[in-house]
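*Asks:* First the structure, then my questions, so here it is.
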Amino acid sequence: MRILKVSSKSGASQVAGAIAGAIREEGKVEVQSIGAGAANQAIKAIAIARGFLLETDVNLVCVPSFIDIEIDGESRTALSMIVEPR
């Protein structure tokens, strides 16, 4: 499963295209973000991707959870969202 890492500076439309492409190619994708700004961009991207895929009769669901990841030797809590067709 492909993992997309989203930051607060990520473009929601660009991430949405990556999500839609991953869904078409692999069937599901994990979207990870750290912080409120990044989570906001990730949620917007998932909503935009849902619109892209509804044109082809694919409806998306998102299952959020918290995960611990390591960045530069430091443990951080990230928001992980599994996005897949319903």
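The values are calculated or read from the model by the stated rules, or taken from the named source; none is laboratory data. Bear in mind the structure is a predicted one, so any value in this text is a computation, not a measurement. Cβ atoms come from the backbone with ideal geometry, glycine included; neighbour counts cover every protein chain shown. All accessible areas refer to the heavy atoms of the entire protein, side chains included, with ligands and DNA or RNA removed. Shrake-Rupley method; radii C 1.70, N 1.55, O 1.52, S 1.80 Å.
*Asks:* How big is the chain along each principal axis, measuring the range of its Cα positions in Å and listing the largest first?
*Replies:* Its Cα atoms span 42, 22, 17 Å along the three principal axes.
*Asks:* Would you mind getting the accessible area per residue of the chain, heavy atoms of the protein chains only, 1.4 Å probe, in Å²?
*Replies:* Numbers: 5060 Å² over 86 residues.
Computed with neighbouring chains in place, this is 59 Å² per residue.
*Asks:* On to the next question. If you roll a 1.4 Å probe over the chain with all protein chains in place, what percent of the accessible area is carbon or sulfur? Present the calculation step by step, with values, prior to reporting the outcome.
*Replies:* Details: 2570 of 5060 Å².
Whole-percent figure for carbon plus sulfur exposure: 51.
*Asks:* OK, next. Given labels modelled 7 Å from the Cα in the Cβ direction, how far is it in nm from T77 to K9?
*Replies:* 2.6 nm
*Asks:* Same structure, new question: Using just the helices of the chain, give the 222 nm mean residue ellipticity in deg cm²/dmol: DSSP H runs with n ≥ 4 each add -39,500 (n - 2.57), and the total is spread over all residues, rounded to 500.
*Replies:* Numbers: 2 runs with 34 residues, N = 86.
Calculated from helices alone, the mean residue ellipticity at 222 nm is -13500 deg cm²/dmol.
*Asks:* What FRET efficiency comes out for L54 versus E26 if R0 is 25 angstrom and r is the Cβ-Cβ distance? Round to the nearest 0.05. Provide the component values of the computation, followed by the final result.
*Replies:* Values: r = 19 Å, r/R0 = 0.76.
In this case the efficiency is close to 0.85.
*Asks:* In sequence order, what are the phi-derived ³J(HN,Hα) couplings for the stretch 76-85 according to the Karplus relation 6.51 cos²θ - 1.76 cosθ + 1.60 with θ = phi - 60°, rounded to whole Hz, with x for glycine and proline?
*Replies:* 10, 9, 10, 8, 10, 10, 8, 10, 8, x
*Asks:* Mind grabbing the accessible area of K44 for me, 1.4 Å probe, Å², rounded to tens?
*Replies:* About 90 Å², ignoring ligands and nucleic acids.
*Asks:* For helix 36-54, report the angle its Cα long axis makes with the longest principal axis of the Cα atoms of the chain; keep it between 0 and 90° and round to the nearest 10°.
*Replies:* Orientation of helix 36-54: about 20 degrees from the principal axis.
*Asks:* Mind checking the angle between helix 12-26 and the chain's longest principal axis? C-alpha axes, 0 to 90 degrees, to the nearest 10.
*Replies:* 70 degrees
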